[in-house]
Amino acid sequence: MALVLTHATVLTVDGADRVLDDRDIQIEGARIAAIGPGGSLAGPGDTRLDCARGVVMPGFVNTHTHAATALFRGLADDKPREFWPEGSYSVPGQERFTAADYRASLAAACAEFLGNGVTTIADRVAKMDLLAPVIAASGMRAVVGSTIADVAGPADWGSTERTLERYGVDPAASRVFAGIAPHALDTCSDALLAECARRAVQTGAKVFLHVAQSEAEVASIRRRGHAGALACLRCAGLTGPDVVAAHCIYLDESEIDGFCADGTAICHCPASNLKIEARTLPLARYLGRTPVGLGTDWTASNNSMDMFWEMRLAALVGKMKADDPEVLDTRQMLRLATIDGARVLGIDHLVGSVETGKRADLVVLDRDALEMMPLHDAISNVVYSASPRSVRDVLVDGEVRVRAHRLVQDPRNWVEAGSA
Ligand SMILES: [Zn+2]
């Protein structure tokens with residue numbers, strides 16, 4: 001018995017960026033078993049999901065967020081850069097948040113992500129071992145890291161070790177898997193950063209960290225004797241595609257080339273950067289030279305958890321940064337939000353495109369939504385006019401998580417699962 005999405009327009013985001021009209025997508029278990037002509041794949045006993053009025057695309061991959069802080073939305077708008085003290089990104093009153101509050105906040109974020117068509121997140125906060133069960137219960141795909149720092153005291157590896165132990169590092173074996181998550185270059189000593197690199201090699205985990213997010217951070221690492229963020233990363237052995245660096249907005253020309261030469265992966269978070277630093281990176285300089293994905297970052301600095309908006313902003317600001325309206329075309333931008341993000345997280349062999357053999361992490365957009373009409377160019381509509389309200393259905397690992405614009409499960413159950 002299969003689930004078959006019938007008569008869909010399919011944005012494959014495959015190597016040729018093919019758009020297929022009137023196709024059936026047959027899903028067996030978690031995987032796409034076949035893609036064929038409309039009406040050809042559903043047999044007796046199969047469950048059909050009519051997509052004749054739908055556009056099917058891969059689920060969005062959000063490469064950088066802090067989902068457990070969802071309820072901080074609206075608490076930090078229009079602040080000076082100094083509002084965020086060196087190495088500390090928190091909102092007033094955050095210290096009163098309890099573990100139960102964080103779990104409820106995280107469930108709310110997962111509900112919002114799924115409704116927005118986001119099927120994978122790279123998520124990081126402190127004490128992730130206590131929070132990741134909520135993400136797992138939501139059915140989302142995620143790589144999770146427990147934030148480590150040693151600026152205010154010795155690094156506590158306990159949560160990281162428990163998260164690694166529980167979820168492992170193999171995305172093919174577990175929908176939620178673990179990474180190593182040093183906080184940033186100014187909140188981690190050189191010794192701790194090097195220890196993260198050593199443990200990453202030992203465990204096979206990727207390393208996720210914030211890099212060059214503020215001038216204060218760069219000044220801090222210069223005081224330690226590094227020329228800049230790139231030199232600091234190289235000194236610690238944190239380079240290459242298994243290192244995933246968020247932001248990277250205070251890099252000079254030679255550092256941009258150095259990042260690309262090293263092949264270090266970048267999470268581009270334009271909304272967050274523009275909101276709290278009034279600048280962002282020159283996206284067109286990086287594409288095709290090093291892996292880049294998109295991230296929403298957190299609700300205090302974005303405040304939207306909307307990858308449609310992030311993709312559009314990245315394209316428009318990227319064109320402005322390049323002073324060239326021809327760069328960052330719609331195909332590239334859809335790839336950035338899907339398959340390229342999957343590559344950043346090391347899961348592009350599993351998700352990020354609609355292809356036979358891949359996991360069925362899929363979004364069905366409503367082509368009857370006003371913002372999706374006319375459908376002259378479906379990719380153009382997704383990049384420049386669609387929004388979360390266009391999202392009709394969402395599947396992760398072949399499981400329907402959103403149907404007809406509504407969550408299938410009650411997020412309160414995820415909170416309970418997470419506190420068990
Ligand atoms: Zn962040």
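In table form, for the structure just shown:
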quantity: For the chain, radius of gyration divided by Kirkwood radius, i.e. Rg to Rh on alpha-carbons; calculated: 0.96
quantity: Equivalent ellipsoid dimensions for the range 209-313 as semi-axes, Å, which come from the Cα gyration tensor, largest first; calculated: 22, 16, 11
quantity: Most fluctuating residue given options D257, D361, D410, as computed from a GNM of the chain linking Cα atoms under 10 Å; calculated: D410
quantity: Backbone HN-Hα couplings from phi across the range 277-289 [Karplus 6.51/-1.76/1.60, Hz, Gly and Pro as x]; calculated: 10, 6, 7, 8, 7, x, 4, 4, 5, 9, 4, x, 10
quantity: Ranked list, fewest to most other Cβ atoms within 10 Å of each Cβ, for L350, L334; calculated: L350, L334
quantity: Ranked list, fewest to most other Cβ atoms within 10 Å of each Cβ, for S88, S105; calculated: S88, S105
quantity: Cα-Cα over 26 Å, subset of K319/K358; K127/K321; K127/K206; K206/K321; calculated: K319/K358; K127/K321; K206/K321
quantity: Alpha carbon centroid spacing (whole Å) that separates the range 1-70 from the range 384-410; calculated: 12 Å
quantity: Nonlocal amide H pairs with L294, under 5 Å, H built at 1.01 Å; calculated: T63, H268, G341
quantity: Distant-in-sequence amide H partners of V125 (H built 1.01 Å from N, under 5 Å); calculated: G145, T147
quantity: Net charge dipole size for the range 60-344 [Lys, Arg +1 and Asp, Glu -1 on Cβ; Debye, nearest 20]; calculated: 500 debye
quantity: Calculated [θ] (222 nm, deg cm²/dmol) that DSSP helices of n ≥ 4 give over the chain, each run adding -39,500 (n - 2.57); calculated: -9500 deg cm²/dmol
quantity: Per-residue ³J(HN,Hα) for the range 241-247, Karplus 6.51 cos²θ - 1.76 cosθ + 1.60, θ = phi - 60°, Hz, x for Gly and Pro; calculated: x, 8, 10, 10, 9, 8, 5
quantity: Cα centre as origin, Lys/Arg/Asp/Glu Cβ charges: the range 63-146 dipole, Debye; calculated: 180 debye
quantity: Unit charges on C-beta of K, R, D, E only; dipole of the range 282-420, Debye; calculated: 100 debye
quantity: Under the Debye formula (equal points on every Cα, no solvent term), log10 I(q)/I(0) of the range 1-158 at q = 0.13, 0.15, 0.16, 0.18 Å⁻¹; calculated: -0.77, -0.90, -0.96, -1.09
quantity: Charge-dipole axis of the chain as Lys and Arg at +1 and Asp and Glu at -1 on Cβ define it, positive-most pick from A33, T299, L11; calculated: A33
quantity: Ranked M333, M372, criterion: other C-beta atoms within 10 Å, fewest first; calculated: M372, M333
quantity: Calculated from backbone phi, Karplus (6.51, -1.76, 1.60) coupling profile of the range 307-322 in Hz, x at Gly/Pro; calculated: 6, 4, 5, 5, 5, 5, 4, 4, 5, 6, 5, x, 5, 5, 4, 8
quantity: Rounded Å value of the spacing that divides the Cα centres of the range 97-119 and the range 140-161; calculated: 19 Å
quantity: Highest-MSF residue in the chain out of W309, W84, W298 [GNM, Cα springs under 10 Å]; calculated: W84
quantity: Dipole-positive endmost among I347, G228, L407 within the chain (Cβ charges, Cα centre); calculated: L407
quantity: Amide hydrogen neighbours beyond the local backbone of R48, cut-off 5 Å, H modeled; calculated: V4
quantity: Candidates Q332, Q94, Q213: whichever shows maximal mean-square fluctuation once the chain is modelled as a Gaussian network with Cα springs under 10 Å; calculated: Q94
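Values quoted throughout were computed directly from the atomic coordinates according to the rules given, and no laboratory measurement underlies them. Just so it is clear, the structure is predicted and the values come from calculations on it, not from any experiment. Neighbour counts run over all protein chains shown; Cβ positions are idealised from the backbone, glycine included.
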